[in-house]
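Before any comments, here is the structure.
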Amino acid sequence: MHYKETGNRVFYSGAANIGMRFEGWYKIKDGKRCEQSSGGGQEVCFTLHKIDNEKYYVCDAKGQCDWTLISVKGNPLGIE
């Protein structure tokens, strides 16, 4: 996923620039990252808990923290 400074995010199902493209909005709300879901467009929010410099646990609205996120500055995969 590529989060733009404009408040939009872009991602592809599968590898970067391959497969189905999705673009939607995101925002920070009440200390959570909220974004437009790809399945229906409703708002979904996540809490991020820092593990180290680039890695976070991601927790959903039900408090399940069952996946991690690696954050990298810029757009190294060229997602547009």
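Only the coordinates and a few stated rules stand behind these numbers; no lab work does. Because the structure is a prediction, the values reported are computed rather than measured. A quick note on method: Cβ atoms are made from the backbone with ideal geometry, for glycine too, and the neighbour counts reach across all protein chains shown.
If you add up the charges near F11, with Lys and Arg at +1 and Asp and Glu at -1, over every other residue whose beta carbon is less than 13 angstrom from its beta carbon, what do you get? Before the final figure, lay out each step's value.
Working: positive: K4, R9, R21; negative: E23, E35, E80.
Combined, the nearby Lys, Arg, Asp and Glu give 0.
Output the Cα-based Rg and Dmax of region 2-70 in Å, rounding Rg to one decimal and Dmax to a whole number.
So, for region 2-70, Rg and Dmax equal 12.6, 34 Å respectively.
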